[in-house]
Amino acid sequence: MYKTIIVEDEKRISEALSIMLEMAAPDTIQIIAYAESVDEAVKLIDRLKPDLVFMDIMLQNGTGFDVLQQISFNSFHLIFTTAYEQHAINAFKYSAVDYLLKPIDPEELKTAIERIEVQQQRVLQKQQLTELQHNLSKTPDRIILPTQEAMYVVKLEQIIRCETSGSYTTFFLTDGRKIMVSKPLKNYEDLLEPPLFFRIHQSHLININAIVSYSREGMVHMNDKSVVPISRGKKEQFFKLMKDEN
């Protein structure tokens, strides 16, 4: 059982989430406390030491980020619940922090819980929170790539290309590293977008600055000596992008 605290300043939303958790994971989730304010959340988390926290962004007298900056205990899974705009959502994605959009969809809630159950590392990484604060305050220039072994912080300019196979994506970096994450490329396409990146093929996304040459026949040579095909449906858009770059 995951000892769970719900941090939410609207009682009706808190009650609705409780009901959905009971339906989605009756044998997995045990709600041990509720908090409506920053001060209350900090005290409950540090005293009760939960396994899981659902954290609203806007709270009484502050935000969920204020809670994270003040707590001493940080060995728990974190899921944000938010109605935030796309900029903030992208910040969560770049930082590899899980989130649910309001109104919360029961199926998405169930999926989020299932992701927790398969994670091997339970400690909330302080690096994730640092990157999240950074990404909320400015245009993200780094991304966290979570693997079973570690959380890798990668500068966007270090990414030469991404290649997907089924539900896995491999990131090829300028220092020669290959980092495989258990998410499909579509999960990163809206983060890695023009003018720096381009989805050139169903299986490939490339860094425009890492291109060495390309041919009208539809092959792109990258600076890691790899050769990536341009899909037929992407050729016109790719050639236009390269023309605009020049």
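The values are calculated or read from the model by the stated rules, or taken from the named source; none is laboratory data. In this text, all values refer to a predicted model and were calculated from it rather than measured experimentally. Because the Cβ atoms are built from the backbone with ideal geometry, glycine has one as well, and the counts that use them run over all protein chains shown. When the accessible area is computed, the model is the full protein with side chains, heavy atoms only, and any ligands, DNA or RNA have been set aside. Shrake-Rupley method; radii C 1.70, N 1.55, O 1.52, S 1.80 Å.
What net charge is computed for the residues neighbouring Pro194, neighbours being all others with C-beta under 10 Å from the C-beta of Pro194, Lys and Arg scored +1, Asp and Glu -1?
-2
Round to the nearest 10 and give me the degree value, 0 to 90, for the angle of helix 38-48's Cα axis relative to the longest principal axis of the chain.
Taking Cα atoms only, the helix is inclined about 80 degrees.
When the helix-only estimate is applied to the chain (DSSP H runs of n ≥ 4, each -39,500 (n - 2.57), divided by the residue count), what is the mean residue ellipticity at 222 nm, nearest 500 deg cm²/dmol?
My calculation for the chain gives -10000 deg cm²/dmol from helical runs alone.
What do you get for the angle between helix 106-118 and the principal long axis of the chain? Use alpha-carbon atoms, 0 to 90 degrees, nearest ten.
80
Over 32 Å between Cα atoms, which of Lys93/Lys235; Lys110/Lys225; Lys93/Lys240; Lys102/Lys186; Lys11/Lys110; Lys11/Lys183 qualify?
Correct reply: Lys110/Lys225; Lys11/Lys183.
Roughly speaking, to the nearest percent, how much of the chain's 1.4 Å accessible area is carbon and sulfur?
Using a 1.4 Å probe with all protein chains present, the chain comes out at 48 percent carbon and sulfur.
Counting DSSP beta bridges in the range 20-93, what percent are antiparallel, to the nearest 5?
In the range 20-93, DSSP labels about 25 percent of beta bridges as antiparallel.
For the range 49-153, which GluC sites (Glu not before Pro) pass both filters: DSSP loop (anything but H, G, I, E, B) and at most 15 other C-beta atoms within 10 Å?
When the GluC sites (Glu not before Pro) of the range 49-153 are filtered for loop state and at most 15 Cβ neighbours within 10 Å, Glu85, Glu149 remain.
Mind checking which aspartates and glutamates have their C-alpha under 15 Å from Lys155, skipping anything on the same chain fewer than 8 residues away?
Once the sequence-local aspartates and glutamates are set aside, what remains near Lys155 is Glu131, Asp141, Asp175, Glu193.
Cα centroids of the range 175-246 and the range 1-47: how far apart, whole angstrom?
43
Can you compute the charge dipole magnitude of the range 145-246 about its Cα centre, using +1 on each Lys and Arg Cβ and -1 on each Asp and Glu Cβ, nothing else charged? Give it in debye, rounded to the nearest 20.
The dipole magnitude comes to about 260 debye.
Suppose R0 equals 30 Å. What FRET efficiency, 1/(1 + (r/R0)^6) with r the Cβ-Cβ distance, do Lys235 and Glu108 give to the nearest 0.05?
0.25
Quick check on the chain: of the DSSP beta bridges with both residues there, what percent are antiparallel, nearest 5%?
Just about 60 percent of them are antiparallel.
May I ask which residue of Ile208, Asn74, Val227 lies farthest towards the positive end of the charge dipole of the chain, with charges of +1 (Lys, Arg) and -1 (Asp, Glu) on Cβ and the Cα centre as origin?
Result: Val227, furthest along the dipole toward the positive end.
I'm spelling it out carefully: the read-out is Kirkwood radius over Cα pairs in Å, the candidates are [x] 20.7; [y] 21.9; [z] 19.7, and one was derived from this structure. Which label?
Among [x] 20.7; [y] 21.9; [z] 19.7, the one derived from this structure is [z].
Rolling a 1.4 Å sphere over the protein heavy atoms, what is the accessible area per residue of the chain, to the nearest Å²?
Roughly 53 Å² per residue, with all protein chains present.
Taking +1 at the Cβ of each Lys and Arg and -1 at the Cβ of each Asp and Glu, which of Gly218, Leu191, Thr170 sits farthest along the dipole of the chain towards its positive end, judged by Cα position relative to the Cα centre?
Gly218
Just to confirm the filter: which GluC sites (Glu not before Pro) across the range 159-246 are DSSP coil and have at most 10 other Cβ within 10 angstrom of their Cβ?
Glu217
Roughly how much of Tyr94 is accessible, in Å² to the nearest 10, using a 1.4 Å probe?
For Tyr94, the solvent-accessible surface is approximately 20 Å².
What is the magnitude of the charge dipole of the chain about its Cα centre, with +1 placed on the Cβ of each Lys and Arg, -1 on the Cβ of each Asp and Glu, and no other charges, expressed in debye to the nearest 20?
1020
Please report, in debye to the nearest 20, how large the charge dipole of the range 1-122 is about its Cα centre when each Lys and Arg carries +1 at its beta carbon and each Asp and Glu carries -1 there.
320
Take the Cα of Ser167, step 7 Å along the line toward its Cβ, and report every residue of the range 98-119 whose backbone nitrogen sits under 17 Å from that point.
Residues 107-119 fall inside that zone.
Measuring from label point to label point, each 7 Å out along Cα→Cβ, what is the Val212 to Asp39 span in nm?
Each label point lies 7 Å from its Cα, and together they span 6.3 nm.
Tally Lys/Arg at +1 and Asp/Glu at -1 over every other residue whose Cβ is under 11 Å from the Cβ of Leu173; what's the total?
+1
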